[in-house]
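I have placed the structure first, in the form of C-alpha cells, so that the comments after it can refer back to it.
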Amino acid sequence: MLWVDKYRPKTLDHVTVHTDIAHNLKKLVKEQDCPHLLFYGPSGSGKKTLIMAVLRQMFGSGAEKVKVENRTWKVDAGSRSLDIELTTLSSTNHIEISPSDAGFQDRYVVQEVIKEMAKNRPIDTKGKKGFKVLVLNDVDKLSREAQHSLRRTMEKYSAYCRLILCCNSSSRVTEAIRSRCLNVRINAPSEEQILDVLELIGKKEGLQLPPGFAARIAEKSNRNLRRAILTFETCRVQQYPFTSKQTIPPMDWEEHISEIASDIMKEQSPKRLFQVRGKLYDLLINCIPPEMVLKRLLHELLRKLDAELKHEVCHWAAYYEHRMRLGQKAIFHIEAFVAKFMSIYKSFLIATFG
Amino acid sequence: MQSSQQWVEKYRPRQVKDVAYQEEVIRVLTNTLETGSCPHMLFYGPPGTGKTTTALAIARQLFGPELYKSRVLELNASDDRGINVVRTKIKDFAAVAVGTSKRKNGYLCPPFKIIVLDEADSMTEDAQALFAFTQPSIAVQNALRRTMETYSKVTRFFFICNYVSRIIEPLASRCAKFRFKPLSEVIMSSRILYICKEEGLYLDTAALSTLSSISHGDLRRAITYLQSAARLFGSSISSENLISVSGVVPEKVVEAVLQACRSGNFDFANKEVNNFIAEGYPASQMLTQLFEAIVEENDLSDEQKARISKKLGEADKCLVDGADEYLQLLAVVSNTMKAFSNIPEEFAYEC
Ligand SMILES: Nc1ncnc2c1ncn2[C@@H]1O[C@H](COP(=O)(O)OP(=O)(O)OP(=O)(O)O)[C@@H](O)[C@H]1O
Ligand SMILES: Nc1ncnc2c1ncn2[C@@H]1O[C@H](COP(=O)(O)OP(=O)(O)OP(=O)(O)O)[C@@H](O)[C@H]1O
Ligand SMILES: [Mg+2]
Ligand SMILES: [Mg+2]
C-alpha cells in the first residue's frame with residue numbers, strides 16, 4: 001500500500017491536520033438533522049480523508065466495507081432510452097459516485113441514484129440512521145443541467161438522503177446548490193503542518209531524517225499534502241539512508257514545462273512553435289490536465305520575465321484558458337497562448353534592444 | 001416530526017398565511033381558499049423567497065392530505081425528461097376526472113387539479129443535450145402551452161422559476177404573474193429569531209444583523225447558516241461563527257489582496273493570489289467582495305473604479321463559463337494594480 005493510503009487517518013479523532021474542522025464535524029454528525037455538506041478546497045488538501053472519516057463517524061466501521069461496482073442505469077429519456085455506465089463505491093449506508101464521468105448524461109445519473117436511494121430507504125434493525133448518504137465527487141464538473149436538477153431533489157428527498165458534495169472549485173457550483181449546503185472549506189495545509197505529517201510517517205516507518213530534509217520536501221510540495229507524501233516515498237525508494245543533500249525529485253511534467261518555457265524564451269519562430277507543439281502533445285497524452293499545463297507554463301514564464309511584461313502575459317494566460325473551457329481541443333488554445341507569448345516577447349526584445 | 005429533518009424543511013410554512021413578506025400573492029391565494037377560483041400562476045424571483053413553499057401550501061390547503069396525491073402533480077427539473085415525458089405525465093394525470101366541487105374533511109377541494117412545474121426555467125429538451133447548456137428549451141415550453149390549453153378546464157398550472165425572462169411569452173401571458181421579493185432584513189430577523197426561540201439558540205444583535213446581511217434576502221440560506229453554526233459552535237452563536245459557515249471571505253483577506261494591488265509589486269500580488277487559492281476561498285465570492293470594497297474606496301476616481309469593475313464583470317462571466325479561478329483572479333488583480341497606479345490599459349507589446 002502506498003503511504004498516502006497507509007497513513008490516511010481513518011477517524012475524525014485521528015486526523016493530524018484540520019483538527020478543528022474534524023472536531024466540528026464530529027459535533028455535527030452527532031445530531032440527526034445534519035445538513036447536506038459541501039467540501040471544497042485545493043487538490044490534496046484532505047477533503048476525501050475527512051469525508052471518509054465523517055462516514056465512519058456516522059455509520060461506524062461498516063462504512064469502510066465498500067464494494068466497487070460498474071453499474072449500468074437504464075434511463076428513459078423521453079424519445080429513447082439510454083444506458084449509462086458508471087463506477088460506484090458503496091456500503092450499506094452510503095454510495096459514492098463521480099457523476100461527471102457520465103458526461104452529458106450526468107443529470108440522469110444523479111436523479112436515478114437519488115430516487116433509488118429514497119426508495120430503498122435503510123430499515124435499520126437498531127432503529128439507527130434513517131437516511132443514506134450520497135457522496136458526489138467533482139461536483140464542480142457537473143453540468144449546469146445536473147446542478148439545476150439537484151435543487152429540488154435535495155429538498156424533496158432530504159429526509160431519506162443526505163448529500164456530501166466534494167469539489168476543488170466552489171465557484172463552479174451554482175449558488176442554488178451552495179445555499180442548500182453547509183459549506184466546509186478545506187484549506188491546503190501549511191508547510192509546517194505538512195512537515196509534521198512527514199515526520200510522523202518517518203517515525204512510524206522507523207526512518208532517520210537528516211535535519212532539513214523533510215522541510216525541503218514540504219517546501220517543494222506547493223502545500224499539497226498528497227504530493228508531499230508521494231515525494232517522500234519516492235525519495236525513500238531512490239535512496240536510503242537519506243542524506244541532507246539528497247535531491248528532491250521534481251515531477252517529470254513540471255521539468256518538461258520548464259524546458260518548454262526556456263525554449264520559447266530563447267527563440268520565437270514558427271519552427272520553434274512547431275517543436276513546442278510536440279512537447280505539449282506529450283504532456284496531454286500523459287493525461288496532464290491542460291489547465292495545469294497552462295498554469296505551470298505561466299508560472300515558469302513569470303519567473304523569467306521583466307515586471308512590465310508580467311501583466312500582459314498573465315492577461316493572455318487567463319484569456320486562453322477561458323477559451324479552452326469553451327472550446328474542445330485544448331492543444332489549440334495552449335498553442336495559441338505560446339504563439340501570443342512569442343509575439344509579445346519578440347516585440348519587447350525589438351523595442352528594448354533594437 | 002421527524003428528527004432527521006433539516007431546519008429548512010422543518011420551518012417551511014405549511015399554510016399560505018405563514019409565508020412572510022409576499023403580501024400580493026398571499027392576498028390572491030387567500031381569496032382562492034375562500035372561493036376556490038384560481039388562475040394559472042407564475043411565481044418568479046430569487047432563491048429562498050418562498051415560491052415552492054407557497055405553491056405546496058396552497059395545494060395542501062385546497063385538497064388536504066387525503067386528496068393531495070390524486071390532485072396535485074409536482075414536476076421539477078429533476079423529474080422532467082424532456083417534452084414527451086412531461087406531456088405524457090400531464091396527460092395521464094389530467095385524464096382522470098375530478099367530479100364536482102365537494103367540501104371534504106374541511107377542505108374546499110375545488111374541481112380541478114394542480115400541476116406544479118418547479119424550476120420551469122431549466123426545463124430542457126434533452127434530445128439536444130448539446131444545446132441544453134445554453135437554451136432552456138423553447139420546444140418544451142411550446143408543447144406545454146398547447147397542453148395547458150387542452151386541459152385548462154380541469155387543471156391549474158403553477159410555474160415556478162428564478163428568471164422570468166426565460167419563460168416564453170405565450171406561457172407567461174396565460175398566467176397571473178407574481179414576483180417574490182428578496183426578504184427584507186426586518187422580516188428575515190423576525191423569522192430567524194422565531195427559529196432561535198424554538199431551537200433554544202442565542203444570537204446577539206451583531207450576529208443577527210450579520211446573518212441577515214450575508215444571506216441577501218434568501219431565507220433558506222439564512223436558515224442553513226444558522227443550523228450549521230448551531231451544530232458546529234453550540235447554542236450561542238457569534239458573527240464570526242456565521243461568517244465561517246457562510247463561505248464569505250473574511251474582511252482581512254480581502255484587504256490583503258487590495259493591499260497587494262496598491263503595492264504595485266506584481267510578484268507580491270501573485271503570491272497573495274496563490275495564497276488565496278490555497279486557502280480554498282471561492283474566487284467568485286472574492287470578486288463580489290472586491291467590487292463592494294472598490295466602490296467604497298475613497299482614493300479612486302470614477303474612471304479607475306469603472307475600469308476595475310469592468311474587468312470584475314468579465315472575470316465573473318469567465319468563472320461562470322468554468323475558467324480557472326487562479327488565472328482569473330490573477331488577471332483581475334493585475335488589472336486592478338494597473339488601474340490603481342494609472343498605467344494605461346492598453347498593452348505595450350500586443351500586436
Ligand atoms: N487530516 C489529515 N491528517 C493527516 N494526513 C492527511 C489528512 N488529510 C489528508 N491526509 C493525507 O493526504 C492525502 C491526500 O488527502 P485527500 O485524498 O483527502 O485529498 P483531497 O483533498 O481529496 O484531494 P483531491 O482534491 O486531489 O482529491 C491522503 O492520502 C492522506 O494521506
Ligand atoms: N417568504 C417566506 N416565508 C417563510 N419562510 C420562507 C420564505 N421564503 C423562504 N422561506 C424558508 O426558506 C426555505 C426555502 O424556501 P422555498 O423552497 O420556498 O424557496 P424558493 O423560493 O422555492 O427558492 P428556489 O428558487 O431556490 O427554489 C423554506 O423551507 C422556508 O423555511
Ligand atoms: Mg479527493
Ligand atoms: Mg423552489
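The values are calculated or read from the model by the stated rules, or taken from the named source; none is laboratory data. All figures in this text were calculated on a predicted structure; none of them were measured in a lab. Because the Cβ atoms are built from the backbone with ideal geometry, glycine has one as well, and the counts that use them run over all protein chains shown. Surface accessibility is based on the protein's heavy atoms, side chains included, excluding ligands, DNA and RNA. Shrake-Rupley method; radii C 1.70, N 1.55, O 1.52, S 1.80 Å.
When you go through A:Lys10, A:Lys48, A:Lys27, A:Lys65 one by one, which is the residue that is among the charged types (D, E, K, R) and within 11 Å of chain B (Cβ to nearest Cβ)? Step through it out loud before you land on a result.
Values: A:Lys10 fails: within 11 Å of chain B (Cβ to nearest Cβ); A:Lys48 fails: within 11 Å of chain B (Cβ to nearest Cβ); A:Lys65 fails: within 11 Å of chain B (Cβ to nearest Cβ).
Exactly one residue qualifies, and that residue is A:Lys27.
Go through (1) surrounded by 13 or more Cβ atoms within 10 Å (Cβ to Cβ); (2) more than 24 Å from A:Leu200 (Cα to Cα) and name the single condition A:Asp252 misses.
(1)
Would you be able to tell me the number of residues in region A:317-341 that are in contact (Cβ under 8 Å) with a residue 60 or more places away in the chain and within 11 Å of chain B (Cβ to nearest Cβ)? Break it down into steps so the answer makes sense when it comes.
As a first pass, look at region A:317-341 and keep what is in contact (Cβ under 8 Å) with a residue 60 or more places away in the chain: A:335, A:338-339, A:341.
Next, only the ones that are within 11 Å of chain B (Cβ to nearest Cβ) stay: A:341.
Adding up the residues that qualify gives 1.
So, B:Ala143, is that one at pLDDT below 80, part of a helix (DSSP H, G or I) and not β-branched (Val, Ile, Thr) or not? Reasoning before the result, please.
Details: at pLDDT below 80: yes; part of a helix (DSSP H, G or I): yes; not β-branched (Val, Ile, Thr): yes.
In short, yes.
Based on what the data block shows, is A:Ala215 within 16 Å of ligand 3 (Cβ to nearest atom), under 17 Å from A:Pro249 (Cβ atoms) and away from chain B (no Cβ under 11 Å)? Steps first, please.
Working: within 16 Å of ligand 3 (Cβ to nearest atom): no; under 17 Å from A:Pro249 (Cβ atoms): yes; away from chain B (no Cβ under 11 Å): yes.
No: the conditions fail for A:Ala215.
For B:Thr32, state whether it is among the polar types (S, T, N, Q), under 24 Å from A:Tyr160 (Cβ atoms) and either away from ligand 4 (no atom under 16 Å from the Cβ) or outside the structural domain of B:Lys197 (by TED's automatic domain parsing) (or both).
Judged against the criteria, B:Thr32 is not a match.
Conditions (1) away from ligand 3 (no atom under 16 Å from the Cβ); (2) within 14 Å of chain A (Cβ to nearest Cβ); (3) assigned to a helix (DSSP H, G or I), marked per residue:
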| site | (1), (2), (3) |
| --- | --- |
| B:Glu9 | yes, yes, yes |
| B:Tyr21 | yes, no, no |
| B:Val25 | yes, no, yes |
| B:Val28 | yes, no, yes |
| B:Glu34 | yes, no, yes |
| B:Ser37 | yes, no, no |
| B:Pro46 | yes, yes, no |
| B:Thr53 | yes, yes, yes |
| B:Leu56 | yes, yes, yes |
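Somewhere in region A:98-105, is a residue facing chain B (nearest Cβ under 9 Å) and buried (at least 20 other Cβ atoms within 10 Å of the Cβ)?
yes
Checking the structure you have, find out if any residue of region B:32-45 is within 15 Å of ligand 2 (Cβ to nearest atom) and out of contact with any strand residue (DSSP E or B) (no Cβ under 7 Å at 6 or more places or on another chain).
Within region B:32-45, the first condition is being within 15 Å of ligand 2 (Cβ to nearest atom), and the residues that meet it are B:41-45.
Still in the list and also out of contact with any strand residue (DSSP E or B) (no Cβ under 7 Å at 6 or more places or on another chain): none.
No, region B:32-45 has no match at all.
For region B:35-53, enumerate the residues that are within 14 Å of ligand 4 (Cβ to nearest atom), open to solvent by 10 Å² or more (accessible area, probe 1.4 Å) and on the phi < 0 side of the Ramachandran plot.
If the condition is that a residue be within 14 Å of ligand 4 (Cβ to nearest atom), open to solvent by 10 Å² or more (accessible area, probe 1.4 Å) and on the phi < 0 side of the Ramachandran plot, then B:Tyr44, B:Pro46, B:Pro47, B:Lys51, B:Thr52, B:Thr53 are the ones that fit.
Residue-wise test of (1) within 14 Å of another protein chain (Cβ to nearest Cβ); (2) open to solvent by less than 10 Å² (accessible area, probe 1.4 Å); (3) in a strand (DSSP E or B).
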{"site": "A:Gln32", "(1), (2), (3)": "yes, no, no"}
{"site": "A:Leu38", "(1), (2), (3)": "yes, yes, yes"}
{"site": "A:Ser43", "(1), (2), (3)": "yes, no, no"}
{"site": "A:Ala53", "(1), (2), (3)": "no, yes, no"}
{"site": "A:Arg56", "(1), (2), (3)": "no, no, no"}
{"site": "A:Ser61", "(1), (2), (3)": "no, no, no"}
{"site": "A:Glu69", "(1), (2), (3)": "no, no, yes"}
{"site": "A:Val75", "(1), (2), (3)": "yes, yes, yes"}
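Can you tell me which residue is farthest from the chain's Cα centre (by Cα) among those in region A:157-186 that are within 8 Å of chain B (Cβ to nearest Cβ) and charged (D, E, K, R)?
Initially, region A:157-186 is screened for residues within 8 Å of chain B (Cβ to nearest Cβ), giving A:158-159, A:169-172, A:175-176, A:178-183, A:185-186.
Subsequent filtering for residues that are charged (D, E, K, R) retains A:172, A:175, A:178, A:180, A:185.
On the way: A:Arg172: 13, A:Glu175: 20, A:Arg178: 18, A:Arg180: 22, A:Arg185: 14 Å.
Applying the filter and picking the extreme gives A:Arg180.
Of all residues in region B:215-253, which are among the basic types (Lys, Arg) and more than 10 Å from chain A (Cβ to nearest Cβ)?
So the first thing to find is which residues in region B:215-253 are among the basic types (Lys, Arg), and the list is B:220-221, B:231, B:252.
Listed by number, the list holds a single entry, B:Lys252.
Give B:Ser213, B:Ser165, B:Ser152, B:Ser173 a once-over and let me know the one that is away from ligand 3 (no atom under 16 Å from the Cβ) and outside the structural domain of B:Gly36 (by TED's automatic domain parsing).
Values: B:Ser165 fails: outside the structural domain of B:Gly36 (by TED's automatic domain parsing); B:Ser152 fails: outside the structural domain of B:Gly36 (by TED's automatic domain parsing); B:Ser173 fails: outside the structural domain of B:Gly36 (by TED's automatic domain parsing).
One residue alone meets the criteria, B:Ser213.
When the residues of region A:292-339 are filtered to those that are assigned to a helix (DSSP H, G or I) and among the acidic types (Asp, Glu), which remaining residue is nearest to A:Val276 (Cα to Cα)? Before you say what the answer is, go through the steps one by one.
From region A:292-339, those assigned to a helix (DSSP H, G or I) are A:292-304, A:307-326, A:330-339; that's our starting set.
Adding the requirement that they be among the acidic types (Asp, Glu) leaves A:300, A:308, A:312, A:321, A:335.
Working: A:Glu300: 15, A:Glu308: 25, A:Glu312: 21, A:Glu321: 18, A:Glu335: 8 Å.
Ranking the qualifying residues of region A:292-339, first place goes to A:Glu335.
Give just the number: which of (1) under 25 Å from A:Ser169 (Cβ atoms); (2) within 14 Å of another protein chain (Cβ to nearest Cβ); (3) surrounded by fewer than 14 Cβ atoms within 10 Å (Cβ to Cβ) does A:Val293 not satisfy?
(3)
Suppose the filter is open to solvent by 10 Å² or more (accessible area, probe 1.4 Å) and touching a helix residue (DSSP H, G or I) at 6+ places or on another chain (Cβ under 7 Å); does A:Thr92 pass it? Give the steps one after another, and end with the answer.
Numbers: open to solvent by 10 Å² or more (accessible area, probe 1.4 Å): yes; touching a helix residue (DSSP H, G or I) at 6+ places or on another chain (Cβ under 7 Å): yes.
Judged against the criteria, A:Thr92 is a match.
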